[in-house]
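Below: the structure, in structure tokens.
Every number here is computed from the coordinates shown, using simple stated rules; none is lab data. Keep in mind that what you see is a predicted model, and the values were worked out from it rather than measured. So basically every Cβ, Gly included, is an ideal-geometry build from the backbone, and we count neighbours across all protein chains shown.
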Amino acid sequence: MATEKPVTPTEEQLEILEYNFSKVNKHPDPTTLCLIAAETGLSEEQTLKWFKQRLAEWRKSEGLPSQSGSVRD
């Protein structure tokens, strides 16, 4: 089986991804993820991977652990 090659999103795809991340939901449900993937032309797996990486970057910029449950302080 061939593994999926890493894809760098285009500027237009990044705009869509960033908009959805910042304005819609940092944790898209499967239906929303499917819609975002269709809008960008990326696979659901690529879209999910982008959201996971972007969330880790966001958490780091907020001074939070990159992978964690909810904050209860």
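If you bin every alpha carbon distance in region 20-59 into 5 Å steps from zero, what whole percent lands in each bin?
6, 27, 38, 23, 6, 0
Set the Förster distance to 35 Å, then compute FRET efficiency between residue 38 and residue 62 from the Cβ-Cβ distance, nearest 0.05.
Working: r = 30 Å, r/R0 = 0.84.
Using R0 = 35 Å, I get an efficiency of 0.75.
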